[in-house]
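FYI, it's all coordinate maths here, none of it is from the lab. Keep in mind the model is a prediction, meaning the values are calculated, not measured. Note: ideal-geometry Cβ built from the backbone for every residue, glycine included; neighbour counts use all protein chains shown.
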Amino acid sequence: MAKFLFFLFSFLTISLILPAQEKIATDRPDQTESSVLVPPHYFQAEFGFGKENLDKENYNLVHPTALFKYGLSKRFELRLETNYVSAYEHLIPQSKTITGFEPIRIGFRTALWEERKIVPKTSLLIHFGIPVLATKNFKANHIAPSFLLAMQNSLTEHIALSYNVGAEWDGFSSTPYWLYSVSSGYDLGKKWDAFFEIFGTAQRNELAQNSLDTGFGFYISNNAKVDASAGIGITDAAADYFFGIGFSFRIHCNKKVN
């Protein structure tokens, strides 16, 4: 852990001093995946810590969730996502907590087309959850694919509307979860942004899970950002409430020396 924190601190320090033309675009803290790719030859990392209260007695801790991205070109990025989770279940006579890694998700994002009038900027995200790359208690039975369209329209110079539609499998059932999210993003100046979002999932013969959340981000530099968010469930099947914090950074991996 000490070595990990040292390397993380080193990367973050480098990201603060390297120049960048545009602000870092992240997939957190909202649930809506961005349609913006990591610039070519940039490595980007996004870390989050949070708690999800499923009801009054049961909850999940994520400590942390980590998303790593690398830009291969202007139209293609590689992605790897991992979640280290503690799931607390209130039982009588003795409660239990299961801790470990959920299946690592490997995938990519590719740009499809740019925004043009009412046509949104659109990207396609594809991931595969790998059962063997998980802690025993969280292993799935099968590879779990997911497919998502990430779209964005600029409403004004400082307001954007982002939205996702897609499907994912959990690695146990052959019936997919259908996903949607709609997020309004607000540019609050050079250092701050905020969002308000509605999102949810639905599966055949199951109650839909719909939630609302909001949050903000602060840009330490164009290459580094911290964030915080919180939300509530608006249907019975959704989590009661949840909250989280996170930080993200990127570094250029192919900087030429004159």
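Under the condition of being hydrophobic (A, V, I, L, M, F, W, C) and under 17 Å from residue 104 (Cβ atoms), the residues counted in region 68-91 number 4. A count restricted to region 206-230 and to residues that are free of Cβ contacts under 8 Å to residues at least 24 places away in the same chain and more than 15 Å from the chain's Cα centre (by Cα) stands at 1.
Whether a residue is under 19 Å from residue 199 (Cβ atoms) and out of contact with any strand residue (DSSP E or B) (no Cβ under 7 Å at 6 or more places or on another chain) was assessed, and residue 62 does not pass this test. Sort through 89, 52, 77, 115 and tell me the only one that's exposed (fewer than 14 other Cβ atoms within 10 Å of the Cβ) and touching a residue at least 24 places away in the same chain (Cβ under 8 Å). Of 89, 52, 77, 115, the one residue that is exposed (fewer than 14 other Cβ atoms within 10 Å of the Cβ) and touching a residue at least 24 places away in the same chain (Cβ under 8 Å) is 89.
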